[in-house]
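Colleague: What follows is a structure written as structure tokens; I'll ask about it next.
The values are calculated or read from the model by the stated rules, or taken from the named source; none is laboratory data. Everything quoted here is computed from the prediction, not taken from an experiment. With ideal geometry, Cβ positions are generated from the backbone for all residues, glycine too; neighbour counts draw on all protein chains shown.
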Amino acid sequence: MKLYNIKCPDQQVSFEQALKIGLGREQGLFFPAELIPLDDIDALLEQDFVTRSSAILHHFIGDEITLDDLTKMVQRAFCFPAPLHKVSGQIDALELFHGPTLAFKDFGGRFMAQCLKHFASDKPVTILTATSGDTGAAVAHAFYGIENIKVVVLYPDGKISPLQEKLFCTLGDNITTVAIKSDFDACQTLVKQAFDDAPLREQIGLNSANSINISRLLAQVCYYFEAVAQLPKAKRQQLVFSVPSGNFGDLTAGLLAQALGLPVKRFIAATNVNDTVPRYLADGNWQPKPTQATLSNAMDVSQPNNWPRIEELFRVQSRSLSELSYGVMDDRQTRQAVQDLYQQGYLSEPHGAIAWRQLETQLEADEHGVFLCTAHPAKFQSAVEDILSISVPLPAPLAERIDLPLLSNYLSADFAPLKALLLKVTG
Ligand SMILES: *Cc1c(COP(=O)(O)O)cnc(C)c1O
């Protein structure tokens, strides 16, 4: 597979290189040099999830990984389903939250972990990442038990939910969690300091497992195919996907699936009031505002880092961004959407409910809609319980961890103690 840096197109890399370096020169994102449609989509849609996903990923990645190896990697990464749940005659929910951390990020995170393991030489690899809650859990679970790879996750002490903390700070083994006595920004600064320390970076093989890694997006392409495969043929003709969007990785993956030939009529980019993209699509001005905290906090992003890939995709396909539909919802509308959806018999959390409402209001009579449910309702337990006045039980992956002791280290926001800890866990 060949990829190029969108900012510096003369920087061309293989899949393995893009995987390992994450970002190109000048912080440029990598983009596939070719988007060749798949041959027989109907036959592909007949296959099971793992077989089909392996074929799609092999189509992208080419001979850098054999189909045999890739199939084994996909088996380990996608060890949970992505079922469609019928909400109404015209609308289905695509449930992406059946993985170990109850959010769609498990798909991308677990496939990236398998890729890094596949390409690991004898040298040690240390994944260092800062989290405000969710991504850290997905990364920790994705790499848990993988030989030769150590994971260190920093998070702000007391500033993530107790549930989130239980989910990934109870694993142990190759996963080290560090509660920093400060805020999320301080955690990110510490990560930067570690990457700026060249001898340390070399010695412990630092890698960021960043959310913009191309391997994550390729993995996410697969569940769009899985959604369509579960629909009867008649509903595949006028298909609309509604995607709750923050950094726009999920929407990028959907557009890549469409570029490979998946029959999708259009996409709706659904956001909360952090609406840089919808405003841009409406008036052509890119004007991020300060980020606002909302109920759908995984979408509290005002400078979405995958957006350049979407622009690039439309550019190389000579398409117009006006093809994208969009919708924006504030917290009051979000609460109402969670309630109305519940009235229809489907329990959802704020992100999924935002995507549903956009379908419900924008879908035309001859269209069929699928909205992405990006997290399990229990992951946003207190918000959902508050909105609906019901109790939301914890699903097994969370319930199992709730009584386990926290294994975190507690450090001040200084680089020296963190460096000492990094050398100790990797030594
Ligand atoms: C990360 C996340 C999103 C946003 O996905 P992007 O790919 O960043 O647009 C939406 N919902 C949930 C629950 C998430 O965790």
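Colleague: List pairs: first residue in the range 388-403 and under 30 Å from GLN333 (Cα atoms), second residue surrounded by fewer than 15 Cβ atoms within 10 Å (Cβ to Cβ) anywhere in the structure, Cβ distance under 7 angstrom, at least six positions apart or on different chains.
Modeller: LEU388/GLN339; SER391/GLU385; VAL392/GLU385; LEU394/ILE402
Colleague: Here's something else I'd like to know. Does at least one position in the range 291-309 carry a residue that is farther than 20 Å from ASP134 by Cβ, surrounded by fewer than 17 Cβ atoms within 10 Å (Cβ to Cβ) and β-branched (Val, Ile, Thr)?
Modeller: For the range 291-309, residues farther than 20 Å from ASP134 by Cβ, surrounded by fewer than 17 Cβ atoms within 10 Å (Cβ to Cβ) and β-branched (Val, Ile, Thr): absent.
Colleague: If we only count helices (runs of 4 or more DSSP H) wholly inside the range 240-359, which ones have 1 or more residues that are farther than 30 Å from GLN27 by Cα, within 13 Å of the ligand (Cβ to nearest atom) and at pLDDT 95 or above?
Modeller: Per the criteria, 331-343.
Colleague: Every residue in the range 266-290 that is buried (at least 17 other Cβ atoms within 10 Å of the Cβ) and under 30 Å from LYS235 (Cα atoms), please.
Modeller: PHE267, ILE268, ALA269, ALA270, THR271, ASN272, VAL277, PRO278
Colleague: Would you check which residues across the range 55-114 are within 16 Å of the ligand (Cβ to nearest atom), of a type in the set (D, E, K, R) and not in a helix (DSSP H, G or I) and list them?
Modeller: Within the range 55-114, just GLU95 meets the criteria.
Colleague: Also: Could you count how many residues in the range 115-135 are of a type in the set (Lys, Arg), in contact with a strand residue (DSSP E or B) (Cβ under 7 Å, 6 or more places away or on another chain) and part of a loop (DSSP other than H, G, I, E, B)?
Modeller: Final tally of qualifying residues: 0.
Colleague: Which of the residues that make up the range 47-89 are charged (D, E, K, R) and free of Cβ contacts under 8 Å to residues at least 24 places away in the same chain?
Modeller: Of everything in the range 47-89, those that are charged (D, E, K, R) and free of Cβ contacts under 8 Å to residues at least 24 places away in the same chain turn out to be ASP48, ASP63, ASP68, LYS72, LYS86.
Colleague: Further question on the same structure: Restricting to the range 115-152, and then to whatever is aliphatic (A, V, I, L, M), within 16 Å of the ligand (Cβ to nearest atom) and touching a Lys or Arg at 6+ places or on another chain (Cβ under 7 Å), can you tell me which residue is nearest to LYS72 (Cα to Cα)?
Modeller: ALA142
Colleague: Between residues in the range 220-244 that are in contact (Cβ under 8 Å) with a residue 60 or more places away in the chain and residues that are among the polar types (S, T, N, Q), which pairs lie under 6 Å by C-beta distance while being six or more apart or on different chains?
Modeller: CYS222/SER53; SER242/GLN358; PRO244/THR374
Colleague: Another question about this same structure. Give the range 378-419 a look and list any residue that's in contact with a helix residue (DSSP H, G or I) (Cβ under 9 Å, 6 or more places away or on another chain) and either among the aromatic types (Phe, Trp, Tyr) or on the phi > 0 side of the Ramachandran plot (or both), or say none.
Modeller: Across the range 378-419, the qualifying residues are PHE380, PHE415.
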